[in-house]
Amino acid sequence: SLLSRSTALVTVDEDLTVVGLNLFEIGFGGAFIALFLLVSALTDTRNLFTWSLAIGSVAVFILNKTTLSLFDVSFQYTISVTGVLNYTFPIVDTLVYLVVVSATLISVWQNLPKIKETSMILGLLVFCLGQLVVLISPRLRALGSAEHTATLAALTISYAIVRSQVMEPLIGRAKELEAVQKIGLAITSSLNPREALQTIAAQAAGLLRIDGSLIFLRRDNELILEAVYNIPDKFLGKRLTLQEGVAGKVARERRGFMLHDYRREWHGVPDIPIAQKTFGSVLGVPLMFREDVVGVLVTIEGVEGRLFTNDDLHLLQLLGPQAAVAITNSFLFEKERAVANQLETVLISTENPVISVSHDLNIVFANPAATNLITNDPFHGNLIGKSLLDFIQVDLLPQNVRGLLRDLRKSRSHIYEIHLKDHDYLCHIARLEKPNRGWVAVLNDVTQLKEIDRLKSQMVRMTSHDLKNPLFATMTYMQLLEEDVEGVESAQRNIASIWKQLDRMERIVSGILDLEKVSSGAPPFELCNLHQLLNSAVRSYEDIATRRNQSLKLESNLTEAYVLGDAPQLEQVFSNLIDNAIKFTPEGGSIRVTAETLESSVIISIEDTGMGIPVDAQSQVFDRYFRVNGIKDKVAGSGVGLSLVKAIVDRHRGRIWLRSEEGKGSTFFVTLPLAVAEPIL
C-alpha cells in the first residue's frame, strides 16, 4: 500500500505502482485467511471445513492471479490529478474476500463464549467490518481505510493476545494461588463432614464464578451425591456406578474431564435427572487422598453460561487435593469423636470410679462414681482443673514411686491397694501419653472379694486341720494294726493299700495348708543362696532317682547368686518340680536341673525325658486340682503341687512356664529376680 500510493502521488514509474498494488492484494487476501485461521484456533473449531476454506481460498487466489498473468490482464486503477490512487480488486478476489470475512464473522458470533477477551472480540469485529466496508465503498478504499482499520485491529488483537497469554497468566497465577489458599483455609476450618462438603461445593463455585457444583463421595464401587451448590437438595443421595455419568468417568479414569456442551457431547447416563436439560459446560476432577479416589467434584455452567477452559481445569485440580484432605479429616474426626463419645458414655455409666489427672495432679476427668467417692456427692459439680489433693489425702497416692515407675515402664500399669471410706480398692494406674501427659486411675472395689477370700481361707484351714487330726490318729492306729497282723500276707496287702491312700490324703492336706500359707504372704523375705537351695533339693531326691535307675544331675554356675525370698518355699518349688519329673519319667530316663544368671535375674530349668504333656492341657497345668486325663490314673498325685509352685514363684515376683512335647518329655522354667538394694514388699 505504501509503495503503490507513494509512487502514484509523486508520479513515478507506474510499473512500481502496479507492483505495489499486487503486493497489497496478496497481503489483503493473506490477512483475511490468517484472521480466519486465528478465529478457528481461538474457538477450537479447526475441522475439515476450516482447512478446506483456507486452502481453497489460497488456491482460488493463486489460480486467479495466474490466469490474469497469462492473459496479460493488468490491475485496474486510476490516479487522480491530486495523486489519489483509485483501484478495483478483481471480481474473483473480491468474492473470495467476502466469503472468508463472512465465515470469520459467523464463527466469531457462534463462539462468543469461547473468546474471553473483550478486546480480542473488538479487534476481530473492527477488522472484518472495516474490510467489508472497504470492499463495498470505493471512496473509503481510495482513502486507505482498509489499511487504517487493519492496523488498528491488528494492534487491538495483539494487545489481547499479549494480555491473555502473558499478562493475565502471570497476574492470574498469583491470584489463583491466593484464592486456593483462602479456600483451603475455609474448607479445612470445619470438622463436620456435612459442613465441610457444603463449604467445598460453595467455594469451588465461587472460585470459578459458575452456576453450580456437585460433590460425589465414593462408597466401594458406587458414587453417592452428598453435597450440592445451587442445585435442588432433592437430588442428594443420588447413586451412580463408576460406569455412569461424568462423575463415574472421572472416578474411573482418575483424572479431570471437561465438556463444553453437556447436552450434545454426553451420551451416557446423566449425573442427575435434570442434567440433560440444564447443564451447559461441565468440568469434573477426582478428589484424591494418597492413591485413593474419595470422591468427585463436578462444576457446572448453565446452558447460556461460559465455556470452561484448561485454566479452569488447572485451578480446580489445585483445589481437589485440599478438598480430599478436608473431607478425609472431617470423616476421621467424626469417627474419632463417635468413639470418644462411646468411651465417655461407658466410663460415666460404669460403677467403677475412674479418674484422670495431669502431670501436676489436676483433675482432667472424673466419672460420677469417682466424684461420689472423693466428694460424697455425684453431682458435686465440675471437678475439671481442680487439684486431686484438695479431695484426698497424700497417703492414698502410690508410696513406692520407684516401683510405680518400674511397673509403668515394663507393663504400662501399676496396681496397688488402698482403703477409702471403709472399702478396699485395687487401684490400677496407667500413663497418659501425648498430648495430655498424666495418669489415669481405675478403682475396683474388692471389699466383698477380700471378705469372701478370707472366709474361704478360714474354711479351708479349718477343714484341713479338722482332717489332719483324724488322719494322724488313723495313721497311728494303722501302725499298731500292721504290727498285729504281721505274717498275715493278705492282711498286709490290704494294709499297704490303705497306707497308700492315707499318704495321698496326707499330701493333699499338706499341699492345701502350704498353698494357704503362701497366699497369706508370710513370713517376710530374706537373702537366700540359690545354689544351696538347688543342691539341697537335688540331694534329697538322689536316692529315689537311683532306685528308679534314673539319672539326676545339677548343672549350675550360681556360686554367689542370691534372691530375696522365703528359703523353705523356694526349696519346695524345686523339690516339687524334681519330684514331678521323677514321677512322670519312666525307669532309665534322665532329669537335668540347670541354673544360670541372665542380666538381673536367674533362670532355672528342670528337664526330663518323661511322657510329656498334651498341647491342649499345657495351659491348665498350673490350675488348682487339675490333672491331665490319661495320666492321673497312672501316677498318683493331688493336683495341688504345680499350683503351689506357681503361687510361690508369683509371690517372689518370678515367672514359670513350660515347654513340652508328648512322648519326648517336658522342661519347666523358673525365673527369679536377683537380690537388689531396694526391698521387695
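The values are calculated or read from the model by the stated rules, or taken from the named source; none is laboratory data. Model, not experiment: these values are computed from the prediction. Virtual Cβ from ideal backbone geometry, glycine too; neighbours counted across all protein chains shown.
Checking each residue in segment 526-573 for being in a helix (DSSP H, G or I), over 18 Å from S605 (Cα atoms) and of a type in the set (D, E, K, R) picks out D543, R547.
Residues are listed down the side, and each one gets a yes or a no for (1) basic (K, R); (2) surrounded by 21 or more Cβ atoms within 10 Å (Cβ to Cβ):
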site: E560; (1), (2): no, no
site: K583; (1), (2): yes, no
site: E587; (1), (2): no, no
site: V593; (1), (2): no, yes
site: L598; (1), (2): no, no
site: V602; (1), (2): no, yes
site: I606; (1), (2): no, yes
site: G610; (1), (2): no, yes
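Here is a check on your reading of the model: is Y97 surrounded by fewer than 20 Cβ atoms within 10 Å (Cβ to Cβ), touching a Gly at 6+ places or on another chain (Cβ under 9 Å) and at pLDDT 70 or above? Criteria not met by Y97. Residue count for segment 142-151, restricted to those that are without any contact (Cβ under 8 Å) to a residue 60 or more places away in the chain, surrounded by fewer than 19 Cβ atoms within 10 Å (Cβ to Cβ) and part of a helix (DSSP H, G or I): 4. Of all positions in segment 305-323, at least one carries a residue that is in contact (Cβ under 8 Å) with a residue 24 or more places away in the chain, outside any helix (DSSP H, G or I) and β-branched (V, I, T). Of the residues making up segment 342-352, not a single one is at negative phi, crowded, with 18+ Cβ neighbours inside 10 Å and at pLDDT 85 or above. Screening I327, I300, I274 for residues that are modelled with pLDDT under 90, in the same structural domain as R209 (by TED's automatic domain parsing) and β-branched (V, I, T) leaves exactly one candidate, I327. Taking segment 226-254 as the range and being in contact with a Leu (Cβ under 9 Å, 6 or more places away or on another chain), among the charged types (D, E, K, R) and not in a loop (DSSP other than H, G, I, E, B) as the test, the residues that pass are E226, R239, K249, R252.
Looking across segment 393-436, the residues that are touching a residue at least 60 places away in the same chain (Cβ under 8 Å) and in a loop (DSSP other than H, G, I, E, B) come down to N400, N436. Residue check: is R163 modelled with pLDDT under 70, part of a helix (DSSP H, G or I) and among the basic types (K, R)? For R163, the condition - modelled with pLDDT under 70, part of a helix (DSSP H, G or I) and among the basic types (K, R) - is not met. Among the residues of segment 112-135, those identified as within 59 Å of the chain's Cα centre (by Cα), within 14 Å of L35 (Cβ to Cβ) and either crowded, with 21+ Cβ neighbours inside 10 Å or not β-branched (V, I, T) (or both) are M120, L122, G123, L124, L125.
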